[in-house]
Amino acid sequence: MDQIRWWSLWGRPARVLLFCSLVTVGAVPIDTDKTKVNVEAADEGQKSQSSDTGLYYDRYLREVVEVLETDQHFREKIQAADIEDIKSGKISKELDMVGHHIRTKLDELKRQEVARLRMLIKAKLSAPQSAGIDRRSLLQQFNHLNHMNPDTFEPQDLDLLIRAATKDLENYDKERHEEFKRYEMMKEHERREHLKGLDEETRKVQEARYEELKKKHKEHPKLNHPGSKDQLKEVWEETDGLDPSDFDPKTFFKLHDSNGDGFIDEQELEALFIKELEKVYDPKNEEDDMVEMEEERLRMREHVMNEVDVDKNRLINLEEFLRATEKREFLEPDGWETLDEQQLYTEKELQEFESHISKTEDELRKKKEQLELQQEELQKRQQHIQAQRQELQQVVQQMEQKKQPPIHAAFPEPGAHYQPAGEPISHLASPDVGNRHPLPPGHLPDAAVAHSQQSP
């Protein structure tokens, strides 16, 4: 891996003692002092990339370092710095010497980060469960910058960023172990809850199946002790394809210092455990949990680092490696206990965990009931509003109808006389017809009869 993470941090997961994972490290001779920071880019146009640090301010951290790397003075100071210069905050004072345009870019990055944090705080405070949250204590959680000065990036901001990342990354493994422990307890909790809902006969079948898978998982070859001669010789033979009788620690070190920087970092070290892990875990097997495999890998790496990394910089140099091969533990190690051979939690811890889950579920259930009541109330209000709207529409329609002029009848009303087209009224009635009663059907007035007789 040719990228680095925060200042070798100390090697997590990479290799430099600089304070970030964005510096591209070229291949260097074995005897290079890696406690000094190498910031020479392999290719000027190449963009640095690395895995996420897992920090909630990871992007801000990376962007700050990218900007600082563009300043020649700061690059030179970093190249001459050691771990203590960086961790103590001494290197932060060099910020006063960088160019104005660099400081301007850093100021803008800080303003963007402050704006992001303000939005995050606002979201937290507006959440339903925000009652009782102290805004001041919430601000103190964001200790990677000076939020009292939101406009300019000062040496104090760089110092806070370094210290925060150092502390957070050093606690990263511990948090991973705790997370894995919770994962295992949750698995057992869910299994027990599932069994409660089954009838006795089905429950016995399920429990028997569980024990069968558990037993099958334990039926794996014995693992070599991580970092022991037997374990490294197996890698030498099966991975490197070399004769085990020709095993040489110095040659092994150079082979597995994959980037040639003179150090075996944590990722290069974890790569050595692949063969051992494959003995226990297979993603195709129902009984093998890949989450447990990653925890096993982490335990192996921590164990070897504790045994070999003398200066505790989370990097193994050649001298430390060769010194470790001379120890009795390297030649005659104790057996390695896998996770399935250990008690990961006590029954008391599981009960406390389940009690916490039960309490959380009760709180969620109450919130759900409250939300359902609120939803019902909103639906009632919506129905009431809809009914009012319909009544209002009916009233409006009635008012509009009253405003329209009356519609005339298409046919004569009772008592009216039919007037054939083109004939005057005098043909049908005398001038005082309006004062007379209507004639019976088929009866014509005398004048009308006389007129018809005169017609040809």
Open item on the list: Could you work out the relative contact order of the stretch 171-270? I mean the mean sequence separation of Cα pairs under 8 Å and 6+ apart, divided by the number of residues, in percent.
Closed with: 9 percent
- [ ] Within the stretch 141-174, find all residues whose amide N lies under 20 Å from a label point positioned 7 Å from the Cα of SER88 along Cα-to-beta-carbon.
- [x] 155-167
- [ ] Find, among the trypsin sites (Lys or Arg not before Pro) in the stretch 217-292, those assigned to loop by DSSP (not H, G, I, E, B) with at most 11 other beta-carbon atoms within 10 angstrom.
- [x] LYS222, LYS284
TODO: Step through the residues of the stretch 339-352 one at a time and calculate ³J(HN,Hα) from phi using the Karplus curve (6.51 cos²θ - 1.76 cosθ + 1.60, θ = phi - 60°), rounding each to whole Hz and writing x for Gly and Pro.
DONE: 4, 5, 9, 10, 8, 7, 7, 8, 5, 5, 4, 5, 5, 5
TODO: Give, in nm to one decimal, the length gained when the segment between ARG182 and THR152 is fully stretched (0.36 nm per residue of separation minus the Cα-Cα distance).
DONE: 6.7 nm
Task: Burial order of peptide ranges 292-305, 173-186 (average beta-carbon count within 10 Å, highest first) - done: 292-305, 173-186
- [ ] Counting other Cβ atoms within 10 Å, keep those with at most 14, restrict to DSSP loop, and tell me which trypsin sites (Lys or Arg not before Pro) in the stretch 315-394 are left.
- [x] LYS327
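Counting heavy atoms of the protein chains only and a 1.4 Å probe, report the per residue accessible area for the stretch 160-305 as a whole number of Å².
54 Å²
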Task: Segment ALA208-LEU378, extension gain: residue separation times 0.36 nm, minus the distance between their alpha carbons - done: 56.2 nm
Task: At R0 = 22 Å, FRET efficiency that the Cβ-Cβ distance of GLN342 and LEU195 yields, to 0.05 - done: 0.40
TODO: Kindly identify the stretch 170-263 as rounded, prolate or oblate by the Cα gyration tensor criterion: order the square roots of the eigenvalues as a ≥ b ≥ c, call it rounded if a/c is under 1.5, otherwise compare a/b with b/c, prolate if a/b is larger, else oblate.
DONE: oblate
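The values are calculated or read from the model by the stated rules, or taken from the named source; none is laboratory data. All of these numbers come straight from a predicted model, not from anything done at the bench. FYI the Cβ positions are ideal-geometry reconstructions off the backbone, even for glycines, and counts take in every protein chain you see. Heads up: the accessible areas ignore ligands, DNA and RNA and are worked out on the full protein's heavy atoms, side chains in. Shrake-Rupley method; radii C 1.70, N 1.55, O 1.52, S 1.80 Å.
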